[in-house]
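The block underneath contains the structure these notes are about, expressed in structure tokens.
Coordinate-derived values only; no laboratory data. Keep in mind that this is a model prediction, so the values were computed, not measured. Cβ: placed from backbone, ideal geometry, glycine included. Neighbour counts: every protein chain shown.
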Amino acid sequence: MQSRRTTQHLITSNRELFPTRRGFLGLAIASASAIILPSVAFASEDKKWKSLLGGFVYVGDQAEQDARLKAIDNVVSKMSPIARGIARSKLKEATEIPPRLSLSLDGKLLTVADDRRQDTAPIDGTTVKVTVFNGDEMNLSYKLTDAVIRQSFDDGSKGSVHSFMSDGQNLVVTHAIFASQLPEQVIYRTTYGKK
């Protein structure tokens, strides 16, 4: 009698240690949920860049505008005297600050527009051909990270990168202009407030 009870106890204990097939299935589903759910939650949080969408007006001060001109002069001063005048003129035109700016999303297409132009491309980084303000054809693409929208123009020898982000109150855009003829990039920033 004692032997039967001991045997029954061992069977019960072993069932607890080694679950049935149904128990294993439940354990597997629970484990999978524990792994999958955090990544789903992360994916839903990884959309902070959407807070950058909307219409904006330029609110930068004179110091910000002067900093743009100084950035141009710093780069141009390192060029040959013959090239400086043309380079300065082209850079001033290329970096003209638009008074209004908008970022909008239509499905999977992102558009950045100002008073001179609007540029649309997929949010997955696919490159599209666009014609920029001076008539040049460029490759346009967007890269979206957690809280930054990066817009890139490039034709292989020149281009620009514009990074849109929030400082907690305004839309701040960092601009980097590059070209094979320039000794270094022209980098400046502009600030926009929500309309």
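Quick one: if you take sqrt(5λ) for each eigenvalue of the C-alpha gyration tensor of segment 48-194, what semi-axes come out, biggest first, whole angstrom? If you can, show how the numbers build up before the last one.
On the way: eigenvalues 133, 70, 31 Å².
So the three semi-axes of segment 48-194 are 26, 19, 12 Å.
As a footprinting exposure proxy, order Arg84, Arg117, Arg68 by other Cβ within 10 Å, with the fewest listed first.
Arg117, Arg84, Arg68
For Glu64 and Asp106, what does the FRET efficiency come to when R0 = 30 Å and r is the distance between their Cβ atoms, rounded to the nearest 0.05?
Values: r = 31 Å, r/R0 = 1.03.
E between Glu64 and Asp106, to the nearest 0.05, is 0.45.
At a 10 Å Cβ-Cβ cut-off, how would you order His175, His162, fewest neighbours first?
The fewest-first ordering by Cβ neighbours comes to His162, His175.
State, as an integer percentage, the relative contact order of segment 57-153 based on alpha-carbon contacts under 8 Å between residues 6 or more apart.
RCO, segment 57-153: 15 percent.
Between Ala147 and Arg84, how many nm apart are label points set 7 Å from Cα along the C-beta direction?
4.2 nm
Cut-off under 17 Å on the C-alpha distance; same-chain residues fewer than 8 positions from Lys70 excluded. Which lysines are left, in chain and number order?
In chain and number order, the partners are Lys78, Lys90, Lys92.
What percent do you get for the relative contact order of segment 119-195 when only Cα pairs under 8 Å and 6+ apart count?
Numbers: 153 pairs, mean separation 13.6, N = 77.
About 18 percent, as a whole number.
What is the sum of charges around Met138, taking Lys and Arg as +1, Asp and Glu as -1, for the other residues whose C-beta is under 12 Å from the C-beta of Met138?
Surrounding charge for Met138 is -2.
Take Ser166 and Lys129, extend 7 Å from each Cα along the Cα→Cβ direction, and tell me the distance between the two endpoints in nm.
3.8 nm
Note the full-extension length gain between Asn139 and Lys47 as 0.36 nm times their separation in residues minus their Cα-Cα distance, in nm to one decimal.
30.6 nm
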